Amino acid sequence: MLDTQPNSKTVQISDLITIRDLNMIYRGRGSETVALKNANLTVAEGEFISLIGPSGCGKTTLLRIMADLIQATSGSITIAGKSPRQARLDREYGYVFQAPALLEWRSVLKNVILPLEIMGFGKEERETRAKKLLEMVGLKQFHRQYPWQLSGGMQQRVSIARALAFDPSLLLMDEPFGALDEITREAMNLELLRIWEETKKTIVFVTHSIPEAVFLSSRIVVMTPRPGKIEKIIPVDLPYPRNTDTRESKAFFDLATEVREALRDVH
Amino acid sequence: MKRFLPILIVLVVLILLGYPLALLFGLPLARRDMKDLRKWEKETISLSDGVALAGQSDGSNTVFTYPRAIVENDDSRTLFVNDSSLIYKAERPEERVDGERADFHFESDHGLVVQDGVLLSDGDYVREQNLIRFRQTPPRNAQLRQYPDYFVQDSERGEVVLGAAPETGARVWTDSYTIYARPACGDTLMACFFSLPQHPVPFPHWIAARVVPFFQKFPLTDERNIVRSTLYTSLGTLSSLALGGAVGIILAVLFVMFRPLERALLPWTIASQTIPIIALVPVLLLVLGNFGITIQTSLLPTAIIGAYICFFPVVVSTVKGLRAIDPLILDLMKSYAAKPLEIFWKVRFPAAVPFFFTGLKLGTAAALVGALVAETESNNRRGLGFQILGQVQSGNVADVWILLIISGLLGVGLVAFVGLLQRLFAPWERV
């Protein structure tokens, strides 16, 4: 079992995430809520996958199970060939939350450095990496500021830089742009695509927004609520690099319509 | 300038409020004085050989036959003698306010007046039937109100009219009368007001006029010097804050780390705050005294007393800070597979810093009270607490007010100082 050794990142698996018959049931007092029912999904390395669906469809639950922030009731899931717990302990993924979740007592730079501190990177490397990432998200000159001095979009970019700081192969993003206005959101989408192309990460992206999902993803996973399950997987064959023109193309509209109809079927 | 405007407004309002308040509290006293004056004016008190006629507060006169009388006030004792043939021995009565006991002898001649054991010569006084006129004004007597029934003196005119209170035996001492001076009072209410020896609420400008003399009262070499007193009290409060803050942090961390400990100790922590500090201080001093730590020589008792009352808001606030962590941040730390100790030092502890200082600010006022109370228990003549007590006891009302203002300013200053520390240790907070 050489290739399942922890910490071995040399293992090359084309399927980064494999999910088989995953169920998640929340047990309350005398009631059971099925948050996820028989979910099956495979994510290949380098893919940009969006999970889309209305509230309560289990998309965040699915993401949190991948991140080992919660544990599934039944079914199997492997991340880079490991259990989610092992993947978490091996720091296989970076997680970007709905809110920036920055530490308010740390400057922007120190926030990006935080995971590097915990993971025991050397002092100098911490600074170089963090500064490089801040440059990538366009916040180089803000590194001394405290989070509250930044706008919402800038804060979320810091949080993305932080998730990328330790160079994980996988990025899990839970509605990272949900709280931003439409204009900022579109700018952020462009930026995220650029980062994705630059870093060649695998991204699992949860969103409410159909245009966002279509614009960003290589595949869209449409999910439906009560019980939460995967309804349909729509491949997006728009060519990369995508830009503002992509949003105006006919193919973009057709795909958006397809997603919208898939979502409408449910109701 | 903008920051000081509120303070300025409060100051102006207080000063403007000071005048009506001074009148409000002073006028009833002035009215009482005026009534007293009329009463005494109505009464005639005569003293002839061996006979004293005492005016009573109910307006009637009683004749007493005593051979001699002693007029006493704070600074002098004067013996009036009507019998020339004897050598008189007078003993100070034990019922005196100061409880002192002293013998003094008077050699007498007919109509002799002896003051403080010294025979007054004819030139020092003029004697008329029932009236002794002093050449020099006898000092005013602050004890007046303790024995309002008997005495008569017009200090302005330097006259003493003899009288006695006959009703209680204790006051008519063996072979003597105790006669107290009364303050001069004008004819009108306002004149009486201005001649009041003490004002419960002095006019602000009276307080202001006392400031410079008050600061000059004791030189810097004297521990009663006001600047030294203030420094001493600040030192007491700051050591209280240091001790209380340290205890507060330790307890808060323990509470957050071990929930059962919190359940066990929190009720006691709350109960500890229900004990009135004034009852606790003497007990604490006794206990510490057993270990040779006294408030006369060490700041430790003050620090412990202050810490006792200021640690509580620190605990409550810091616990809140250690707990109030955004769940997302805890998820984030989990995603980094961070160890509990790392979560504590990198997340919980820094998040609690502003909360700690907020608690410490609340505790500052309490710690100052603790230091002041502790100082009143001491007799080393140090600190504002001692000063306040001393000035109250000697009835220097204006000085008490000055001390009150200084204590208040000290409180504001100390809170501001803690605020400065907060800015220093939690620079990320928006102002």
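Extension gain for B:THR297 to B:ARG430 (0.36 nm times residue separation, less C-alpha to C-alpha distance): 43.6 nm.
Our summary of shape: the Cα atoms of the stretch A:59-161 have principal axis extents of 47, 30, 23 Å, ordered from largest down, in whole angstrom. The length gained on full extension between A:LYS123 and A:THR33, counted as 0.36 nm times the residue separation minus their Cα-Cα distance, comes to 27.7 nm. All alpha carbon pair distances within chain A were sorted into 5 Å bins beginning at 0; the resulting P(r) in whole percents reads 1, 6, 13, 16, 18, 17, 14, 9, 5, 1, 0. Ballpark to the nearest 100 Å², how much total accessible area do A and B bury together, probe 1.4 Å? Between A and B, the summed buried area is about 2100 Å². Compute the distance from the alpha-carbon center of the stretch A:62-133 to that of the stretch B:394-427, in whole Å. When both Cα centres are located, 48 Å separates them. Accessible-area loss of 30 Å² or more (1.4 Å probe, protein heavy atoms, chain alone versus all protein chains) is found in the stretch B:413-431 for B:TRP428, B:ARG430. Within the stretch A:197-259, the trypsin sites (Lys or Arg not before Pro) that combine a DSSP coil assignment with at most 15 other C-beta atoms in a 10 angstrom radius are A:LYS200. Can you pull out the trypsin sites (Lys or Arg not before Pro) in the stretch A:97-148 that DSSP calls coil and that have at most 16 other Cβ atoms within 10 Å? Passing sites in the stretch A:97-148 are A:ARG144. Going through the cross-link list A:LYS37/A:LYS110; A:LYS201/B:LYS339; A:LYS132/B:LYS2, which pairs have a Cα-Cα distance over 32 Å in this structure? From A:LYS37/A:LYS110; A:LYS201/B:LYS339; A:LYS132/B:LYS2, over 32 Å: A:LYS37/A:LYS110; A:LYS132/B:LYS2. Over the stretch B:219-372, accessible surface divided per residue gives 46 Å², non-protein components excluded, 1.4 Å probe. Less than 5 angstrom separates the built amide H of A:GLY75 from those of A:ASN23, all sequence-distant by 5 or more or on a different chain.
When a/c is below 1.5 the answer is rounded, else prolate if a/b is larger than b/c, else oblate, so apply that to the stretch A:132-205 with a ≥ b ≥ c taken from the square roots of the Cα gyration tensor eigenvalues. It is oblate, given that a/c is not under 1.5 and a/b is not larger than b/c. Per the Cα gyration tensor, the stretch B:299-429 maps to an equivalent ellipsoid with semi-axes of 42, 14, 9 Å, ordered largest to smallest. Overall dimensions of the stretch A:102-167, expressed as equivalent-ellipsoid semi-axes from the Cα gyration tensor (√(5λ), whole Å, largest first), are 18, 12, 10. Burial of accessible area (probe 1.4 Å, heavy atoms of protein chains only) in the stretch A:91-113, relative to its chain alone, reaches at least 30 Å² for A:ARG91, A:PHE97, A:ALA101, A:LEU103, A:GLU104, A:TRP105. Other residues whose C-beta falls under 12 angstrom from the C-beta of A:ILE118 contribute a net charge of +4, scoring Lys and Arg +1 and Asp and Glu -1. What base-10 log of the normalised intensity I(q)/I(0) is obtained for the stretch B:251-374 from the Debye formula, alpha carbons as equal point scatterers, at q = 0.11, 0.18, 0.20, 0.22 Å⁻¹? Each listed q maps to, in turn, -0.49, -0.96, -1.08, -1.19. A viscosity of 1.306 mPa s and a temperature of 10 °C, combined with the Kirkwood radius over Cα pairs in Stokes-Einstein, give a translational diffusion coefficient for the stretch B:279-320 of 142 µm²/s. How many percent of Cα pairs in the stretch A:110-247 exceed 19 Å? Considering the stretch A:110-247, 55 percent of its Cα-Cα pairs are separated by more than 19 Å.
For A:LEU16, the residues 5 or more places off, or on other chains, whose built amide H falls under 5 Å of its own are A:VAL43, A:ALA44, A:GLU45. Here is the size of the stretch B:198-307 from its Cα atoms: Rg then Dmax, 19.8, 59 Å.
Working note: Debye formula, equal point scatterers on the alpha-carbon atoms of the stretch A:214-267, no solvent; log10 I(q)/I(0) at q = 0.14, 0.24, 0.25 Å⁻¹ is -0.39, -0.90, -0.95.
What a 1.4 Å probe finds exposed on the stretch A:102-167 is 45% carbon and sulfur by accessible area, rounded to a whole percent. Between A:GLN149 and A:ARG194, the simple spin-label model (points 7 angstrom out along Cα→Cβ) gives 2.4 nm.
The values are calculated or read from the model by the stated rules, or taken from the named source; none is laboratory data. Given the structure is predicted, the values throughout are model-derived calculations rather than measurements. No Cβ is skipped: glycine too gets one built from the backbone with ideal geometry, and neighbour counts run over all protein chains shown. Calculation scope for accessible area: heavy atoms of the full protein, side chains included, ligands and nucleic acids excluded. Shrake-Rupley method; radii C 1.70, N 1.55, O 1.52, S 1.80 Å.
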